[in-house]
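The values are calculated or read from the model by the stated rules, or taken from the named source; none is laboratory data. This is a predicted model, so every value here is computed, not measured. Backbone-built Cβ (ideal geometry, glycine too); neighbour counts: all protein chains shown. Remember, those area values only see protein heavy atoms, side chains included, never the ligands or the DNA or RNA. Shrake-Rupley method; radii C 1.70, N 1.55, O 1.52, S 1.80 Å.
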Amino acid sequence: MILDHLKKQVKFKIVYHGPALAGKTTNVLKIAENRGEELLSFNTKTERTLVFDMVKEEREVKGFKATFIIYTIPGQDIYSEIRKMVMRGADGVVYVVDSAEDRLQDNKHFLEVLSDDLKLYGKDIEEIPVVIQYNKRDLGNALPLEELNKEINVINKPFTEAVAIENKGVEETLDLIIDEIIAHFGKLLK
Ligand SMILES: Nc1nc2c(ncn2[C@@H]2O[C@H](COP(=O)(O)OP(=O)(O)O)[C@@H](O)[C@H]2O)c(=O)[nH]1
Ligand SMILES: [Mg+2]
C-alpha cells in the first residue's frame, strides 16, 4: 500500500494467485474488457502467463482516490522465482480454484504455496485479505461448492463462485477483495 495523505491518494496491490490454468488470466482479462481496457501481459509462445498480467481499477474510498493494481502470477512451478517477485507488496489476494474434481489436490497444495509466498514478505495468510474464487463452475466434473470449500478453505476466508470465461462472478470477486482490503486498512484511511 502506498498512502499519500496530501494528495488523498492510496494505491493497493491485488494479486490473483492459484495453480496453473485455474483461470487467473481469464479473470483479469475480463476485468480489463469490462472497462474497455487492454490487458498488459507478458506471455509465452503458448499464451501462458510468463511474468504477469496486469490491469488497473480506480475507486473513490472515503474521500481518497484509491487505485488497485491487479496482477496475476504465473502458476507453473518453473516460474516460482517470478511468482515470488510478483507477490512482493501484495495487499490482498484472490486465490483462484479450478473446480474440476481432478484438480483438487493441486488446489489444496497451492494454497500452501500461497501461504509460503506471503511468509516470505512477513505476511500471515490468516491476517491478510484473501478471497477464494471457485472458478469453472460450468464444468461437468466440478465438485459441489460445499465439498470444495470444506476441502480447500481451511482458513475460513470469504469465497465466490465463477465462470470466468463467461464473465460470471468476475466483478463480484473483485468487489469482495476490494471490500476486504478497505476493511483491513480502514483504520489507516480515517
Ligand atoms: N470451462 C471453463 N474454462 C475456463 C474458465 N476460466 C478459464 N478457463 C479456461 O482455462 C484455461 C486456463 O485459463 P487461464 O486464465 O489462462 O489460467 P491461468 O493459468 O490461471 O492464468 C483457458 O483455456 C481458459 O479459457 C471457466 O470458468 N470455465
Ligand atoms: Mg495466467
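For the reader, a short list of remarks on this structure follows.
- Check on residue 93, away from ligand 2 (no atom under 11 Å from the Cβ) and in contact (Cβ under 8 Å) with a residue 24 or more places away in the chain: yes
- Of all residues making up region 150-184, the number that are open to solvent by less than 30 Å² (accessible area, probe 1.4 Å), in a loop (DSSP other than H, G, I, E, B) and either free of Cβ contacts under 8 Å to residues at least 12 places away in the same chain or within 16 Å of residue 102 (Cα to Cα) (or both): 0
- Residues in region 11-28 that are touching an Asp or Glu at 6+ places or on another chain (Cβ under 7 Å), open to solvent by 10 Å² or more (accessible area, probe 1.4 Å) and assigned to a helix (DSSP H, G or I): 25 only.
- Count of residues meeting criterion [charged (D, E, K, R) and not in a loop (DSSP other than H, G, I, E, B)] in region 138-149: 2
- Out of 58, 38, sole residue that is open to solvent by 70 Å² or more (accessible area, probe 1.4 Å), among the acidic types (Asp, Glu) and modelled with pLDDT of 90 or more: 58
- Checklist (1) under 16 Å from residue 21 (Cβ atoms); (2) loosely packed, with under 15 Cβ neighbours inside 10 Å applied to residue 147, failing item: (1)
- Number of the condition not met by residue 73 [criteria: (1) over 17 Å from the mean Cα position of the chain (by Cα); (2) at pLDDT below 95]: (1)
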